[in-house]
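Please treat every number below as a calculation from the coordinates, not as lab data. Keep in mind that this is a model prediction, so the values were computed, not measured. So basically every Cβ, Gly included, is an ideal-geometry build from the backbone, and we count neighbours across all protein chains shown.
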Amino acid sequence: MEWNFRNGIPIYTQIIDEMTMRIASGAYKPGDKVPAVRELAMDAGVNPNTMQRALAELERRGLVYSERTSGRFITNEESVLKDLREDLAKRYFDELTEKLGKIGMDQEDIRSAVGSWLDGLEK
Amino acid sequence: MARIEIENLTKKFGELAALDNVSISLEKGQIVGLLGPNGSGKTTLIKILNGLLTPTGGSAKINGMEPGVGTKKVVAYLPDRNALPDYMTTDQLMDLYGDFFADFNRLKAEAMVDDLGIDRKQQMKKMSKGTKEKLQLCLVMAREAEVYLLDEPIGGVDPATRDYILKTIISNYNEDAVVIISTHLIADIESVLDDVIFLKNGKVELHKSAEEIREETGESVDQLFREVFKC
């Protein structure tokens, strides 16, 4: 899997976003073992301390859990995964409506545009 | 005790102060970028840590010791130019390193040399500039040292090799070691750095964690560097 980092944003937050996306999209499945810190750091080309910090934060958020001797795993908690997907969906809607707002669309415009766009997809 | 403790370090060449009252303390377990434009004192600082130059004033200590025989055992140094006998082949140079350094891991060196496609039977002087640099770096990184001083390790090599070198640094990184990388190719290495030190005219202009810089300024280390050192 590819890692791409953008300038001027702390790398650990970008790692968190990327890992979150991998979990939400099912690239990492519930119960999967998370690769070791060093392995992930090498893969992403980042400092191991930074990777460690990002994984600790994912753990704090309940997306991964660690077992003393065998490493870290993706959470099996359905409710956590459901919340995660809802949070992400909300974020994408926020981004979308903000951008559409910038080009002058109000709520009604957006509602009807989304409707006709979905209709277009169905055909 | 800090792994590297530099206090009020000054180095003068005649009237010119290459280092001017520099104080830096580095704990183990870090990868540090020593960044600055040409002539800012990077190489002078690294040479003092190696015992190749002596300070005019102040001190630089590794594990509490002045640079010397005791520190050379634990310091792996990549100079900014070739210091190895270039009539030797890759194999012979690995023998040489094995003889000189108790912490040299021959198997690791061979694996890196093979990964990078360096001919083990070839004399160093017959290698291209980039291949020479790769070989030197393999030898240095194959040591299991406590301090790595890498003076411009990626300057002369292609981008694919650069990636490999950075991965080697990450994989070699251990909690007991400090890795200092001097370079001006900041964009290429900034994602692997813990701390960055900006040197300007022999003084420490900034010493901060790379993540803090990104967080506080919303800029990459590379962008900040270009601002601080704008010509």
Exercise. Helix A:78-102 versus the longest principal axis of chain A: what angle, 0 to 90°, nearest 10, using Cα atoms?
Worked result: 40
Seminar exercise, completed: Note: B:Glu227 to B:Leu107 extended length (0.36 nm per residue) minus current alpha-carbon separation gives 38.8 nm
Problem set entry | Cα-centre dipole for the stretch B:1-85 with unit charges at Cβ (Lys and Arg positive, Asp and Glu negative), debye to 20 | 280
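Using the crude model of +1 on Lys and Arg Cβ and -1 on Asp and Glu Cβ, and no other charge, please compute the dipole size for chain B relative to its Cα centre, in debye to 20.
Dipole of chain B, to the nearest 20 debye: 860 debye.
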For this session: Take every Cα pair under 8 Å in chain B that's 6+ residues apart, average their separations, divide by the length, and report that relative contact order as a whole percent.
Result: 27
For this session: Can you tell me the 0 to 90 degree angle between the C-alpha axis of helix B:159-172 and the longest principal axis of chain B, rounded to 10?
Result: 80
Problem set entry | Convex hull volume per residue in cubic angstrom - Cα atoms of the stretch A:13-123 | 147
For this session: Give the order of B:Cys138, B:Cys231 when sorted by the count of other beta carbons within 10 angstrom, beginning with the fewest.
Result: B:Cys231, B:Cys138
Exercise. In debye, nearest 20: dipole of the stretch A:11-76 around its Cα centre with unit charges on the Cβ of K, R (+) and D, E (-)?
Worked result: 160
Problem set entry | Efficiency of FRET between B:Glu27 and B:Asp91 - r from beta-carbon atoms, R0 30 angstrom, step 0.05 | 0.20
For this session: At 0.36 nm per residue, minus the direct Cα-Cα distance, what do B:Thr10 and B:His184 gain on full extension? Give it in nm, one decimal, please.
Result: 60.4 nm
For this session: Read phi for every residue in the stretch A:2-10 and hand back ³J(HN,Hα) as whole Hz from Karplus 6.51 cos²θ - 1.76 cosθ + 1.60, θ = phi - 60°, with x for Gly and Pro.
Result: 7, 10, 10, 10, 9, 5, x, 10, x
Exercise. Rg/Rh for the stretch B:1-85: what does it come to with C-alpha atoms and Rh from Kirkwood?
Worked result: 0.95
Exercise. With the dipole of the stretch A:79-122 worked out from charges on the C-beta (+1 for Lys and Arg, -1 for Asp and Glu) around the Cα centre, which of A:Gln107, A:Trp117, A:Thr97 lies farthest toward the positive end?
Worked result: A:Thr97
Exercise. Among the listed pairs B:Lys203/B:Lys230; B:Lys12/B:Lys125; B:Lys42/B:Lys121, which are separated by more than 27 Å between their Cα atoms?
Worked result: B:Lys12/B:Lys125; B:Lys42/B:Lys121
Exercise. Taking the mean number of other Cβ atoms within 10 Å as a proxy for protection, how do you rank B:193-200, B:168-175 from highest to lowest?
Worked result: B:193-200, B:168-175
For this session: Calculate the length of the line joining the C-alpha centroid of the stretch B:105-132 to that of the stretch A:88-123, in whole Å.
Result: 57
Exercise. Can you give the extra length, in nm with one decimal, that the chain gains between B:Gln122 and B:Glu212 once fully stretched, where that is 0.36 nm per residue apart less the Cα-Cα distance?
Worked result: 27.9 nm
For this session: For chain B, find the longest principal axis of its Cα atoms and tell me its angle to the long axis of helix B:106-115, 0 to 90°, nearest 10.
Result: 90
Exercise. Over the Cα atoms of chain B, how large are the radius of gyration and the largest Cα-Cα distance (Dmax), in Å?
Worked result: 17.4, 51
Exercise. Under the definition of Cα pairs under 8 Å and six or more residues apart, what whole-number percent is the relative contact order of the stretch A:11-76?
Worked result: 40
For this session: Any chance you could check the Cα centroid distance between the stretch A:1-29 and the stretch A:43-69 for me, in angstrom?
Result: 12
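Rounded to whole Å and ordered largest first, report the semi-axes of the equivalent ellipsoid of the stretch A:11-76 derived from its Cα gyration tensor (root of 5λ).
17, 14, 11
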Exercise. From a point 7 Å beyond the Cα of A:Lys33 in the direction of its Cβ, which residues of the stretch A:65-80 have a backbone N at a distance under 15 Å?
Worked result: A:65-74
Problem set entry | Whole-Å semi-axes of the stretch A:79-122's equivalent ellipsoid (Cα gyration tensor) | 23, 15, 7
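With runs of 4+ DSSP H residues as the only contributors, calculate the mean residue ellipticity of chain B at 222 nm using -39,500 (n - 2.57) per run, divided by the residue total and rounded to the nearest 500.
Computed mean residue ellipticity for chain B: -9500 deg cm²/dmol.
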Seminar exercise, completed: Output field shielding_mean for A:6-15 (other chain Cβ, 10 Å radius) holds 5
Exercise. With Rg and the Kirkwood Rh both taken from Cα atoms, where does Rg over Rh land for the protein assembly as shown?
Worked result: 1.06
